[in-house]
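Rule-based calculations on the coordinates, nothing more; no lab input. Since we're looking at a predicted model, the values are computed, not measured. Cβ atoms come from the backbone with ideal geometry, glycine included; neighbour counts cover every protein chain shown.
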Amino acid sequence: MPRDTSSPQQRRFVRLIIGAGLVGALFMSLAMTNTFSAFVATITNSNDTAAAGSLILQESGAAGTTPCNSTDGGGVSTNTATCATFNKYGGSTTMVASNATGTTNNIVTTVNFKNTGTLPATAFNMAFGACTQPTAPAGAGTATDFCTKLHVKVTSGATVVQADTVASALAGTNVNLPAALIPTANSGNTIPLTFTVYLDSTAGNTYQGLSASQPITWTLTS
């Protein structure tokens, strides 16, 4: 073994260098292995959920009648149904002509609407389809324009929703009901709509025994 000829000062310097290297290596090792401790506070939210609401339009008539729901045609997936239960024009087969002001011989029918879903609605629309005159029975009048003699008016209390208009002119008409007549969600709030129909005073004998049909589509929008 060669003889160590270094001075004591050199040997101390070497030992300091080696010691500093070991300390540095130790700190590097601790940093790499993440062994330094720290205070930690943690919150885990375990109930983060979301669900879609529903918008369901319900139509009802006199007490005891079964209501119609927009979900009757296939649930909320389609939310569209056809209801023949409530005849807005009254279904009378014995109408006679009114007076010139349309205040006599009226047929009055009231239906009620609710939003039984959970979503608030922003619009409520009433759309009239085409007015059609079915084939007249034997012995009936010969007129072919019965729809031009059938008057329709729609109100809700003192509010006029659709002014007095003949059924033929209502075809293709879309009526946006005022905000006060939009049913609120799942509250039991009921919107009554009253239909008043009558025959024009000019409907003479050629209109006897005739009839008309006109579909109405109601749309509630969220």
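With a sphere of radius 12 Å drawn around the Cβ of VAL154, what net charge do the other residues whose Cβ falls strictly inside it have (Lys, Arg +1; Asp, Glu -1)? Let's see the in-between values first.
Numbers: positive: LYS88, LYS153; negative: ASP164.
My count for the surroundings of VAL154 gives +1.
One decimal place: the segment THR65-THR122 gains 17.7 nm when fully extended, by the rule 0.36 nm per residue minus the C-alpha distance.
Quick check on the exposure proxy: order VAL197, VAL161 from fewest to most C-beta atoms within 10 angstrom.
With the fewest neighbours first, VAL197, VAL161 line up as VAL161, VAL197.
Net charge near ASP200: determine it from the other residues with C-beta under 12 Å of the C-beta of ASP200, scoring Lys and Arg +1 and Asp and Glu -1.
Numbers: positive: LYS149; negative: ASP145, ASP164.
In short, -1.
For the range 52-133, the relative contact order is 36 percent, taking Cα pairs closer than 8 Å that sit 6 or more residues apart in sequence and dividing their mean separation by the residue count.
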